[in-house]
Amino acid sequence: MPQEQYPHRSTMQTSEGPQVYKVGIYGWRKRCLYFFVLLLMILILVNLAMTIWILKVMNFTIDGMGNLRITEKGLKLEGDSEFLKPLYAKEIRSRPGNPLYFQSARNVTVNILNEKTKVLTRLVTGPQAVEAHSQKFEVKTLSGKLLFSADDNEVVVGAERLRVLGAEGTVFPKSIETPNVRADPFKELRLESPTRALVMEAPKGIEINAEAGSLKATCRTELRLESKDGEITLNSAKIKLPNLPQGSSSSAGSRQKIYELCVCPNGRLFLSQAGSSSTCQINTSVCL
């Protein structure tokens, strides 16, 4: 029955024959496709040429790039280098036998941080000064001997000798504690307080010794030698007191140059012309 209802369809297909449909891109679409493929090839060649040029200029190798080499121990950088941002490294060292230079237009800052990125120690080398910020500063020799140490409580000089070469010497605003103060050979030692007193104290004694020269003590008002429990000893072959006051002399004994040393009740010394007996009582007016 279906064939009887549509008898004309089969007759039309047999009479016209099979139709062929062309599949592909033709016309302006085909030309645009070729143009884009050619442009892509040109871009690939340009990109490849630029990559080869960059590798050539930057000196890329298997070991590294330019002066930067990758080794088993880390990175090895040869020549001068410039860092525009912070540098984080565990160890920085120069080549064996060559010095290591750090150069900056303003300053060089080295910070030591803890786990919380808080600065513990800082070293700043600037155009005006070199500053070190830390809880304690130490300078030691190669053998580990302490030469200098400074903290909030004290400053320790561990060297056997401390030399001050300034023309004006050294100024100590407060006290100084030392077992020995000595000048260089053939140099003078001078202890001076221009506007205040100079006090030297020691529980077991103070020794002032000039082995090859003289010892001179000068003051404007009074020079006092005091011993609370002991004695004062002047041990010398000659003891001179040239400016002692003299008592009144008699006309009979004016020619003699022999004097008697007298002591007033207040401890004052004066000279009196010697006679057949003591003449100190005659010149007691000097003690007033």
Can you spot a residue in the range 48-63 that is β-branched (Val, Ile, Thr), in a loop (DSSP other than H, G, I, E, B) and over 29 Å from LEU123 (Cβ atoms)? yes
In the range 138-152, anything among the small types (Gly, Ala, Ser) and assigned to a loop (DSSP other than H, G, I, E, B) is listed as SER143, GLY144
Sole miss for TYR101 among (1) among the aromatic types (Phe, Trp, Tyr); (2) open to solvent by 100 Å² or more (accessible area, probe 1.4 Å); (3) outside any loop (DSSP other than H, G, I, E, B) is condition (3)
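Residue-wise test of (1) more than 30 Å from ILE25 (Cα to Cα); (2) open to solvent by 80 Å² or more (accessible area, probe 1.4 Å); (3) within 41 Å of the chain's Cα centre (by Cα); (4) not assigned by the TED database to the domain that holds ALA132.
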| position | (1), (2), (3), (4) |
| --- | --- |
| TRP53 | yes, yes, no, yes |
| GLY64 | yes, no, yes, yes |
| THR71 | yes, no, yes, yes |
| PRO86 | yes, yes, yes, yes |
| ILE92 | yes, yes, yes, yes |
Of the residues in the range 153-188, those that are open to solvent by less than 100 Å² (accessible area, probe 1.4 Å) and modelled with pLDDT of 80 or more come to VAL155, VAL156, VAL157, GLY158, ALA159
When VAL110 is run through (1) under 25 Å from GLY74 (Cβ atoms); (2) surrounded by fewer than 10 Cβ atoms within 10 Å (Cβ to Cβ), the failure sits at (2)
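Test VAL119 against the stated conditions and say whether it is free of Cβ contacts under 8 Å to residues at least 60 places away in the same chain, farther than 29 Å from MET65 by Cα and outside the structural domain of ASN59 (by the TED database).
The answer is yes for VAL119.
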| task | Say whether the condition of being among the small types (Gly, Ala, Ser), open to solvent by 100 Å² or more (accessible area, probe 1.4 Å), in a loop (DSSP other than H, G, I, E, B) and within 28 Å of LEU271 (Cβ to Cβ) is met by at least one residue in the range 222-233. | result | no
The condition of being surrounded by fewer than 10 Cβ atoms within 10 Å (Cβ to Cβ), under 13 Å from the mean Cα position of the chain (by Cα) and part of a loop (DSSP other than H, G, I, E, B) holds, among GLN135, GLN128, only for GLN128
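The values are calculated or read from the model by the stated rules, or taken from the named source; none is laboratory data. Computed from a predicted model, the values in this text were never measured in an experiment. Here Cβ is always computed from backbone atoms with ideal geometry, including for glycine, and neighbour counts include all displayed protein chains. The area values use the complete protein model at the heavy-atom level, side chains included, leaving out ligands, DNA and RNA. Shrake-Rupley method; radii C 1.70, N 1.55, O 1.52, S 1.80 Å.
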